[in-house]
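The values are calculated or read from the model by the stated rules, or taken from the named source; none is laboratory data. These figures come from a predicted structure and were not determined experimentally. Here the Cβ positions follow ideal geometry from the backbone for every residue, glycine too, while neighbour counts run over all protein chains shown.
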Ligand code: NAP
Ligand code: ZN
Ligand code: ZN
């Protein structure tokens, strides 16, 4: 991680509350309640912070899990949104990395302890400091008491060390989902060593899944999609998959057993894990990134071919920038459906029906109007 000021310095230099910026947003007032207009306050940028005018924010299935309090640690009112692309409006006087007018991104976390072994290794998402990483929404500000609010709002103030640059040439709306869906799938593909020619199966063709297909292809892998939605077959091919496996078709699955080096499970709903495990070759790895309700796990498919089961959570700031630069070079972005914020509740319903091709992205101009 590049040099950053100590927490004490940063906090004592934060702006006074009266200088806070009244900011329109949309929030879930309570667990499972529909989202509605809400007003939040953003701080003026401190010396090491930037104030970002948000242009676009992707809609991740995590937003739905959180708003419905499925992980049971929601903080309400909740302003979701952690796939943020915007333009730097103002930079604090000590900021060195960004300047007004830069197109930048903010992902799932906005701070961390900066001192633990994970932070020092540039894996801030696994911060072992008190409270772990400061999530972009649903956390308490580090060293403060205010809740953090996400990207379903018109602006955000973030320490420059937790901001990434969007490569020129990537369209802002289609790049926004890379801040979560992109890094969440890029990181395990890299960490588990996917090489040119490797066989990768992506389970679930949603926001994460469709970006995973593009990234794995761009890394030279031979990709298959495992989906419970037969209507997505043509899209899977268009996105770069060589094969389409119907998740509920035992014969289809049986033919593919033992063929894959890596399986990436992105499914958001409770499902059996053996289906994916059976696809792995001997010593292959299945990585869980989807976070549904718990489901039982059988030991047999793991034991049978010395397979491994792993998990992975987003990625650190350095790797997020690496991923964005990779996407810039390879021309990888998300397939997006741009919506005004006023359609957010309907968008959630459609995502729950797997009816999105393949990521909703909110145009925050709809909130400024
Ligand atoms: P999404 O766009 O809603 O896609 C989820 C996909 O899961 C759907 O498109 C569908 O694919 C499949 N699916 C949905 N319901 C299903 C069911 N009943 N049975 C079988 N498959 C079903 O969600 P997302 O934004 O990609 O997020 C996916 C999951 O990853 C969520 O649980 C989210 O919280 C989690 N997540 C984790 C991380 C991390 O760091 N690990 C980061 C971001 C998100 P098919 O139609 O192709 O079957
Ligand atoms: Zn997400
Ligand atoms: Zn830490």
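All but one of (1) closer than 15 Å to residue 173 by Cβ; (2) within 16 Å of ligand 2 (Cβ to nearest atom); (3) surrounded by fewer than 17 Cβ atoms within 10 Å (Cβ to Cβ) hold for residue 338; which doesn't?
If we test residue 338 against (1) closer than 15 Å to residue 173 by Cβ; (2) within 16 Å of ligand 2 (Cβ to nearest atom); (3) surrounded by fewer than 17 Cβ atoms within 10 Å (Cβ to Cβ), just (2) comes out false.
Which number in (1) within 16 Å of ligand 2 (Cβ to nearest atom); (2) in a strand (DSSP E or B) marks the one condition that residue 158 misses?
(1)
Do we find a residue being surrounded by fewer than 24 Cβ atoms within 10 Å (Cβ to Cβ) and more than 16 Å from ligand 1 (Cβ to nearest atom) anywhere in the stretch 59-69?
Among the residues of the stretch 59-69, not one is surrounded by fewer than 24 Cβ atoms within 10 Å (Cβ to Cβ) and more than 16 Å from ligand 1 (Cβ to nearest atom), which makes the answer no.
Residues in the stretch 178-197: is at least one away from ligand 3 (no atom under 16 Å from the Cβ) and at pLDDT below 95? I'd like the intermediate steps shown before the answer.
Narrowing the stretch 178-197 to residues away from ligand 3 (no atom under 16 Å from the Cβ): 178-197.
Filter once more, keeping what is at pLDDT below 95: none.
For the stretch 178-197, residues away from ligand 3 (no atom under 16 Å from the Cβ) and at pLDDT below 95: absent.
Of all residues in the stretch 344-359 being in contact with a strand residue (DSSP E or B) (Cβ under 9 Å, 6 or more places away or on another chain) and within 9 Å of ligand 1 (Cβ to nearest atom), which is farthest from residue 34 (Cα to Cα)?
So, considering only residues that are in contact with a strand residue (DSSP E or B) (Cβ under 9 Å, 6 or more places away or on another chain) and within 9 Å of ligand 1 (Cβ to nearest atom), the one farthest from residue 34 (Cα to Cα) is 358.
Return yes when residue 143 is away from ligand 2 (no atom under 16 Å from the Cβ), within 21 Å of residue 187 (Cβ to Cβ) and either in the same structural domain as residue 26 (by TED's automatic domain parsing) or not in a loop (DSSP other than H, G, I, E, B) (or both) and no when it is not. Give the derivation first.
On the way: away from ligand 2 (no atom under 16 Å from the Cβ): yes; within 21 Å of residue 187 (Cβ to Cβ): no; either in the same structural domain as residue 26 (by TED's automatic domain parsing) or not in a loop (DSSP other than H, G, I, E, B) (or both): yes.
No, not satisfied.
For the stretch 28-58, how many residues are surrounded by 16 or more Cβ atoms within 10 Å (Cβ to Cβ), part of a loop (DSSP other than H, G, I, E, B) and touching a helix residue (DSSP H, G or I) at 6+ places or on another chain (Cβ under 6 Å)?
Residues of the stretch 28-58 that are surrounded by 16 or more Cβ atoms within 10 Å (Cβ to Cβ), as a first pass: 28, 35, 38, 40, 42-52, 54-58.
Adding the requirement that they be part of a loop (DSSP other than H, G, I, E, B) leaves 35, 43-48.
Checking which are touching a helix residue (DSSP H, G or I) at 6+ places or on another chain (Cβ under 6 Å) leaves us with 35, 44, 48.
Final tally of qualifying residues: 3.
Which members of the stretch 120-131 meet the condition of being near ligand 3 (Cβ under 6 Å from one of its atoms) and buried (at least 22 other Cβ atoms within 10 Å of the Cβ)? It would help to see each step written out before you state the result.
Applying the first criterion (near ligand 3 (Cβ under 6 Å from one of its atoms)) to the stretch 120-131 yields 127-129.
Selection gives 127 alone.
Please work out if residue 222 is surrounded by fewer than 21 Cβ atoms within 10 Å (Cβ to Cβ), more than 16 Å from ligand 2 (Cβ to nearest atom), at pLDDT 95 or above and closer than 18 Å to residue 190 by Cβ.
On the way: surrounded by fewer than 21 Cβ atoms within 10 Å (Cβ to Cβ): yes; more than 16 Å from ligand 2 (Cβ to nearest atom): yes; at pLDDT 95 or above: yes; closer than 18 Å to residue 190 by Cβ: yes.
So residue 222 fits the description; yes.
Being more than 16 Å from ligand 1 (Cβ to nearest atom) and touching a helix residue (DSSP H, G or I) at 6+ places or on another chain (Cβ under 8 Å) is the filter here; which residues of the stretch 72-85 pass it? Explain how you work it out, then say what you get.
The first filter runs over the stretch 72-85 and keeps only residues more than 16 Å from ligand 1 (Cβ to nearest atom), leaving 75-77, 79, 85.
Listed by number, the list holds a single entry, 85.
Can you name the condition, by its number, that residue 176 falls short on among (1) more than 21 Å from residue 288 (Cβ to Cβ); (2) outside any loop (DSSP other than H, G, I, E, B); (3) within 16 Å of ligand 2 (Cβ to nearest atom); (4) out of contact with any strand residue (DSSP E or B) (no Cβ under 7 Å at 6 or more places or on another chain)?
Here residue 176 meets the rest and fails (4).
Looking at the stretch 329-342, can you tell me whether even one residue there is in contact (Cβ under 8 Å) with a residue 40 or more places away in the chain, touching a helix residue (DSSP H, G or I) at 6+ places or on another chain (Cβ under 7 Å) and assigned by TED's automatic domain parsing to the domain that holds residue 226?
For the stretch 329-342, residues in contact (Cβ under 8 Å) with a residue 40 or more places away in the chain, touching a helix residue (DSSP H, G or I) at 6+ places or on another chain (Cβ under 7 Å) and assigned by TED's automatic domain parsing to the domain that holds residue 226: absent.
Counting just the residues of the stretch 108-129 that are assigned to a loop (DSSP other than H, G, I, E, B) and under 18 Å from residue 48 (Cα atoms), which one comes out farthest from ligand 2 (Cβ to nearest atom)? Step through it out loud before you land on a result.
Keep residues of the stretch 108-129 that are assigned to a loop (DSSP other than H, G, I, E, B), which gives 108, 112-116, 121-123, 127-129.
Of the ones still in play, those that are also under 18 Å from residue 48 (Cα atoms) are 112-115.
Working: 112: 17, 113: 22, 114: 23, 115: 26 Å.
So the residue we want is 115.
Could we say that residue 156 is over 29 Å from residue 36 (Cβ atoms) and away from ligand 1 (no atom under 16 Å from the Cβ) here? So that I can check it myself, show each step before the final result.
Numbers: over 29 Å from residue 36 (Cβ atoms): no; away from ligand 1 (no atom under 16 Å from the Cβ): yes.
No: the conditions fail for residue 156.
It is to be established whether one or more residues within the stretch 201-214 are surrounded by fewer than 24 Cβ atoms within 10 Å (Cβ to Cβ) and outside any helix (DSSP H, G or I).
Among the residues of the stretch 201-214, not one is surrounded by fewer than 24 Cβ atoms within 10 Å (Cβ to Cβ) and outside any helix (DSSP H, G or I), which makes the answer no.
Can you pull out every residue in the stretch 69-92 that is more than 19 Å from residue 165 (Cα to Cα) and assigned to a loop (DSSP other than H, G, I, E, B)?
From the stretch 69-92, those more than 19 Å from residue 165 (Cα to Cα) are 69-80; that's our starting set.
Within the stretch 69-92, 69, 70, 71, 72, 73, 74, 75, 76, 77, 79, 80 qualify.
Which residues, taken from the stretch 91-143, are within 16 Å of ligand 1 (Cβ to nearest atom), on the phi > 0 side of the Ramachandran plot and touching a strand residue (DSSP E or B) at 6+ places or on another chain (Cβ under 7 Å)?
Matches in the stretch 91-143: 138 only.
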